[in-house]
Amino acid sequence: MQPSHQGTTRFSNRVADYVRSRPRYPDGLLDILRSDAGLTTNTVIADIGSGTGFSAEPFLKNGNIVYGVEPNSEMRSAAETLLAAYPNFHSVNGTAEATTLPDRSIDLIVAGQAFHWFDPPKAREEFRRILRENATVVLFWNTIQERLTPFMRAYSNLLHQFGTDFKEVVHTNVDRAQLQSFYGGDFVKHTLPNEQRFDREGLRSRMLSNSYTPPVGHPNYEPMLAELDRVFEENQEEGEVRMVYGTEVYLGTL
């Protein structure tokens, strides 16, 4: 698993595509946290690796105070713009291993699409410092359903073919043993359906939002986009393709 510092700059040149094309989280996420983690409107939340603000937004709409802890300045700035209308959002320049938040100040920690960048032992120690007693840590990801449809299979093959270090950094590297070690015991898992629909340009933006795809100027950049266009043409229906995810939600106490 990659430690946090290696993830702090990877998305700096991809923020616009990230904001434009990455999936949000389904409404059922908050329902799970209400039933399993005691979420109320008064819950004080630390969103660790908060990125462009997608993971904080549902909680702000719920009325929560959210501290968005994010080390990447470009992504932090994007979140501050996206969430400017929410006075309960507090943008924090920090990491999972050094959040800068006060001791015992947080009721619930969430991390959306971010845990695979953490140094788990150090993050665990820091989370225990900032959490109130018996508070829950929630990790969640939108996981591409690679084999579900012909388009999903073709898109996933593209990621494997052209991704510069796809196998090293993809969040699905996180396994049950690592999660048990992080939580210090067992945890609960839920999976929710989620999807997006893209036209050709939207699909290009979605591909380019990944930190492991070749950037402009890389020898594989143009071949990748050409193959992506071919995949789009073969699979589009009425000018769109459907990207299918399972939103995986893990809950436990440390």
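Calculation over all alpha carbon pairs of the range 125-254 in 5 angstrom steps from 0 returns a P(r) of 2, 9, 16, 18, 16, 12, 10, 8, 6, 3, 0 percent.
Label positions at Thr40 and His160, each projected 7 Å from the Cα along the C-beta direction, are separated by 4.9 nm. Each DSSP beta bridge with both residues in the chain is either parallel or antiparallel, and the antiparallel ones are about 55%. The three principal axes of the C-alpha atoms in the range 87-201 carry coordinate ranges of 49, 37, 28 Å, sorted with the longest axis first. Put a dot 7 Å past the Cα of Thr191, heading toward its Cβ, do the same for Ala226, and the two dots end up 3.7 nm apart. One equal scatterer on each Cα of the chain, no solvent, Debye formula: the resulting log10 I(q)/I(0) at q = 0.09 Å⁻¹ is -0.39.
Every read-out reported here was derived from the displayed coordinates using simple, explicitly stated rules and does not represent laboratory data. Note that the coordinates shown come from a computational prediction; the quantities given were computed from them, not determined experimentally. Cβ coordinates were reconstructed from backbone atoms using ideal geometry, including for glycine residues, and neighbour counts include every protein chain displayed.
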